[in-house]
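Asks: Let me give you the structure first, and then I'll get to my questions.
The values are calculated or read from the model by the stated rules, or taken from the named source; none is laboratory data. Just so it is clear, the structure is predicted and the values come from calculations on it, not from any experiment. As a convention, Cβ positions derive from the backbone with ideal geometry for all residues, glycine included, and neighbour counts pool all protein chains shown.
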Amino acid sequence: MLASSVNHGPHVLPVPTHRSLLLLVGDVVERLTALQAAIGNAGFEIKLVNSLDDLQRACREKIDVIVLDVCPSKIRSMLKLIRKSTGREETPVLVESTRINNNRSLAGVLPAYRAMPCSQTEMLLLLRQHQKTNNQRQARRGML
């Protein structure tokens with residue numbers, strides 16, 4: 001007699017993992033490309049934007065995280081556009097800090113728009129943590 005290998009209980013099937021959309025916003029193509037390469041295969045779908053008009057269009061999409069790497073004179077207008085866009089009030093915004101570290105004109109701007117300045121190393125850690133949390137959330141949503 002053959003033993004049945006069929007389990008008669010409910011089967012939980014994992015839901016396909018959602019790849020978070022990471023919006024990289026930069027004003028220097030080489031820096032943007034280098035940042036994209038540094039992020040590499042961290043599980044993100046990456047979209048590159050290099051102008052205020054492109055950013056405005058991109059803010060209409062479902063974005064999970066935004067990274068800004070722009071000159072100090074563009075940060076305020078970009079953050080304002082992001083936060084005024086529908087559904088972007090709580091989207092995490094990371095600002096690459098090497099270009100803004102000693103710029104006093106930005107005092108208070110990043111906190112006012114709930115943006116976090118960070119080095120590239122810190123940024124990569126935060127992005128990996130975001131993706132890990134997202135993957136864990138997806139894994140808990142199994143299908144019967």
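Asks: Could you list, ordered by first residue, the pairs with Cβ atoms under 8 Å in which the first is in the range 117-132 and among the hydrophobic types (A, V, I, L, M, F, W, C) and the second is part of a helix (DSSP H, G or I) and surrounded by fewer than 14 Cβ atoms within 10 Å (Cβ to Cβ), at least 6 apart or interchain?
Replies: Hits for this filter: 124/38.
Asks: Name the pairs: first residue in the range 70-89 and assigned to a loop (DSSP other than H, G, I, E, B), second residue hydrophobic (A, V, I, L, M, F, W, C), Cβ to Cβ under 7 Å, at least 6 apart or on different chains?
Replies: Here the result reads 70/25; 70/78; 85/59; 88/59; 88/82, each pair linking the range 70-89 to a residue that is hydrophobic (A, V, I, L, M, F, W, C).
Asks: Follow-up question, since we're still on this one. Looking only at residues in the range 74-84 that are surrounded by 14 or more Cβ atoms within 10 Å (Cβ to Cβ), more than 16 Å from the chain's Cα centre (by Cα) and of a type outside the set (A, V, I, L, M, F, W, C), which one is nearest to residue 24 (Cα to Cα)?
Replies: Checked the range 74-84; the qualifying residue nearest to residue 24 (Cα to Cα) is 74.
Asks: If we keep just the residues of the range 9-54 that are crowded, with 16+ Cβ neighbours inside 10 Å and among the β-branched types (Val, Ile, Thr), which is modelled with the lowest pLDDT?
Replies: Among residues in the range 9-54 that are crowded, with 16+ Cβ neighbours inside 10 Å and among the β-branched types (Val, Ile, Thr), the one modelled with the lowest pLDDT is 39.
Asks: May I pose another question? Looking at (1) under 17 Å from residue 95 (Cβ atoms); (2) part of a helix (DSSP H, G or I), which is the one condition that is false for residue 63?
Replies: That leaves (2) as the condition not met.
Asks: If you check residue 109 against the conditions, is it in contact with a His (Cβ under 7 Å, 6 or more places away or on another chain) and either under 21 Å from residue 19 (Cβ atoms) or aliphatic (A, V, I, L, M) (or both)?
Replies: No: the conditions fail for residue 109.
Asks: Let me ask something additional. Just checking, does the range 93-102 include any residue being touching a residue at least 60 places away in the same chain (Cβ under 8 Å), surrounded by 17 or more Cβ atoms within 10 Å (Cβ to Cβ) and under 20 Å from residue 30 (Cα atoms)?
Replies: So far as the range 93-102 goes, yes, one or more of its residues are touching a residue at least 60 places away in the same chain (Cβ under 8 Å), surrounded by 17 or more Cβ atoms within 10 Å (Cβ to Cβ) and under 20 Å from residue 30 (Cα atoms).
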